[in-house]
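Working notes, structure below.
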Amino acid sequence: MKFYCGGFKGRSLTEPMKMFWILVFTLFAVPSMGEVFTSMTDMSRLLVTEGEMIRAVENYIVAQEEKLMKLKRDVLEMERVHDEASRSPEAFLGNPINAYLLVKRLTVDWLDLQNIMTDDSTGQAMLNNLTSMASMLRWPDEEDLNGAATALMRLQDTYKLDTSQIASGDILGKKRAYRELTAADCFELGRQSYNGGDHYHTVLWMNEALDRQETEGNKTVERADILEYLAFSTYMQGNIRQALKLTDELLEERPNHQRAQGNKVYYEEALQQQKTQKRGELGDFMEDDASAVEKIERQAYERLCRGEGKLPLEMLLKLHCFYKSGPSAYLRLAPVKTEIAHIHPTIHIFHDVLVDSEISVIKELATPMFKRATVQNYKTGELETASYRISKSSWLKAEDSKTVAKVNQRIEDITGLNMQTAEELQVANYGIGGHYEPHFDYARREEKDAFKSLGTGNRIATFLFYMSDVDAGGATVFPQLELSLWPKKGSAAFWHNLHPSGEGDTLTRHAACPVLVGTKWVSNKWIHERGQEFRRPCELDPRAL
């Protein structure tokens with residue numbers, strides 16, 4: 001049977017329109033064999049056919065209008081947020097919730113919009129145009145989304161943030177997010193945790209998603225989808241009875257859910273085994289010494305990041321400030337404000353040693369060369385990225401700029417150490433939840449190839465510039481010293497990593513806490529042993545300071 005679609009004859013129809021008309025004629029077009037026009041009764045029946053066709057077209061129009069209205073609402077919201085963010089990008093994205101939502105909009109939410117737009121040729125053409133501009137645009141991917149979600153979990157744990165408080169957009173009362181998280185936003189955080197095998201945070205965020213979904217007028221995620229993740233992660237956390245209860249709720253929503261049906265049987269069997277199992281058969285879990293030490297250090301690190309560290313009173317009484325006027329002639333003309341932050345090992349804070357104009361030049365030079373920060377593999381000596389160091393960094397040579405050369409000379413004037421064998425000036429910027437977990441700057445005995453290619457010995461000292469203030473978080477902490485150093489723009493921290501004997505000072509193990517709100521810029525100079533023979537003479541006594 002041939003048919004023509006009125007005004008559409010001779011036109012190129014999009015796939016959705018083709019499918020629509022096929023559906024209409026499949027349902028309503030009965031072959032007439034040329035007999036309709038011969039009887040008024042049959043002609044009258046055509047009005048019924050036309051009425052059904054009109055209703056089908058109207059339903060199609062309503063469906064398309066609903067899609068367009070959703071697109072309009074989404075675009076208006078994106079424009080509002082974009083305008084707000086553009087007024088001060090650094091301040092806006094300094095809130096980790098805003099940063100996470102931006103990445104989510106350009107991944108999960110954008111995928112939903114694409115699915116709507118691909119329904120017609122015009123939308124597809126626009127998407128193709130965007131694709132052709134891919135080299136000029138920066139699109140986040142699933143790894144970026146996972147990184148943003150993981151960063152929020154890191155902040156949640158380190159700073160003991162309540163899940164519902166984060167979801168409400170409040171980060172310790174600092175710079176509220178532009179909106180609260182929806183149930184779908186919380187669901188995505190839970191899903192990312194689940195994909196990473198983190199069932200603890202999956203339970204936290206799926207429960208929050210469930211609470212918010214129940215109160216939403218326009219549901220942003222289906223309850224059954226939340227229950228599916230929540231039930232399994234609850235089981236993985238050891239709460240079989242609750243996992244079974246959640247699975248029953250899921251089956252009430254979706255009775256034919258095959259995976260839930262199988263899990264229900266499995267959970268019931270596991271619960272029965274748990275009841276019959278004798279207490280002694282469970283066995284005792286014993287932590288090894290290394291795990292126990294790591295756990296203690298982790299607790300100290302997070303406590304110091306929250307500013308809960310406290311130096312002993314006898315130490316506090318010895319701390320003081322002074323003007324450093326040596327060893328160089330330059331310091332005799334322009335003494336440096338110096339604060340002793342710790343004794344044994346001695347940690348200095350030098351104030352106002354970097355001015356705004358120098359910071360601007362260093363940032364401008366470093367930014368185009370930024371790459372994911374790396375760590376040195378202690379076995380191979382090779383540089384590699386790691387989850388425990390999240391930032392971007394680049395390296396500046398003295399010949400790159402007079403400013404860099406001047407800063408290098410200033411470090412030499414202040415410390416009295418030779419910069420000729422020091423590493424280049426490293427500049428780093430910490431993004432969402434950016435951090436560097438506890439580590440040593442120097443190479444330990446087992447790390448024999450750490451600085452072999454440099455040929456300048458071990459890292460004898462560290463000079464760390466703070467190039468920005470940080471609204472919250474971002475401290476440099478020394479877990480074994482109970483010491484937290486808080487970033488202050490223009491100041492610098494300095495300490496020796498090695499004893500005069502050349503042995504590493506284990507007390508200098510330190511970390512960069514996650515940035516909670518704001519952004520953190522630092523630059524550092526790692527100073528090496530070679531060339532310091534007469535500036536910091538060696539001592540045979542390993543206890544010498």
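Under a model in which nothing but the beta-carbon of Lys, Arg (+1) and Asp, Glu (-1) is charged, the chain shows a dipole of about 1240 debye around its Cα centre. In degrees between 0 and 90, to the nearest 10, how far off the longest principal axis of the chain does helix 40-87 point, with axes built from Cα atoms? Helix 40-87 sits roughly 10 degrees off the main axis of the chain.
Checking the cross-link pairs Lys310/Lys371; Lys174/Lys525; Lys371/Lys402 against a 28 Å limit on the alpha carbon distance flags Lys310/Lys371; Lys174/Lys525 as lying beyond it.
Note on Ile340/Ala63: beta-carbon distance plugged into 1/(1 + (r/R0)^6) with R0 of 60 Å gives a FRET efficiency of 0.25. Evaluate E = 1/(1 + (r/R0)^6) for Glu214 and Glu446, where r is the Cβ-Cβ distance and R0 equals 56 Å; express this FRET efficiency to the nearest 0.05. So the FRET efficiency works out to roughly 0.55. Using just its DSSP H runs of length 4 or more, each adding -39500 (n - 2.57), the chain gives a mean residue ellipticity at 222 nm of -14500 deg cm²/dmol after division by all residues. Hey, how many Å between the Cα centroid of region 382-432 and the Cα centroid of region 236-264? The two parts, judged by their Cα centres, are 54 Å apart.
The packing ranking, built from the mean of other Cβ atoms within 10 Å per residue, places the peptides 201-207, 386-392 in the order 201-207, 386-392, highest first.
In terms of packing, defined here as the mean over residues of other Cβ atoms within 10 angstrom, the peptides 179-187, 241-249, 446-454 line up highest first as 179-187, 241-249, 446-454.
Assuming R0 = 30 Å, can you tell me the calculated FRET efficiency for the pair Arg80 and Ser360, based on Cβ-Cβ distance, to the nearest 0.05? The value I calculate is 0.45. Mean sequence separation of contacting Cα pairs (under 8 Å, at least six apart), scaled by the length of region 116-189, corresponds to a relative contact order of 15 percent.
The overall shape of region 466-509 is oblate: from the C-alpha gyration tensor, with semi-axes ordered a ≥ b ≥ c, the ratio a/c is 1.5 or greater and a/b is no larger than b/c. Each Cα pair under 8 Å and six or more residues apart adds its sequence gap; the mean of these over the residue count of the chain is a relative contact order of 12 percent. The gain in end-to-end length when the Asp469 to Cys538 segment is fully stretched comes to 21.1 nm, 0.36 nm per residue minus the alpha carbon separation.
With the gyration tensor restricted to C-alpha atoms of region 409-545, the semi-axes of the equivalent ellipsoid amount to 27, 16, 14 Å, longest first. Pairs over the 25 Å Cα-Cα cut-off, from the set Lys275/Lys295; Lys72/Lys219; Lys452/Lys489; Lys160/Lys520; Lys397/Lys489: Lys275/Lys295; Lys452/Lys489. The charge dipole of region 213-335, taken about the Cα centre with unit charges on the Cβ atoms of Lys, Arg (+1) and Asp, Glu (-1), comes to about 720 debye, rounded to the nearest 20.
For the chain, the longest principal axis of the C-alpha atoms and the axis of helix 121-132 are separated by about 20°. For the chain, the solvent-accessible area of protein heavy atoms averages 56 Å² per residue (probe radius 1.4 Å; ligands and nucleic acids excluded). Just the protein heavy atoms count here, and of the accessible area of the chain at 1.4 Å, carbon and sulfur take up 54 percent. Estimated at 0.36 nm per residue, the fully extended path between Leu71 and Arg55 surpasses their Cα-Cα distance by 3.3 nm.
The values are calculated or read from the model by the stated rules, or taken from the named source; none is laboratory data. Since the model is a prediction, treat every value here as computed from it, not as a measurement. Positions of Cβ are generated from backbone atoms using ideal geometry, with glycine treated the same way; all protein chains shown enter the neighbour counts. These accessible areas exclude ligands, DNA and RNA; they are computed on the full protein's heavy atoms, side chains included. Shrake-Rupley method; radii C 1.70, N 1.55, O 1.52, S 1.80 Å.
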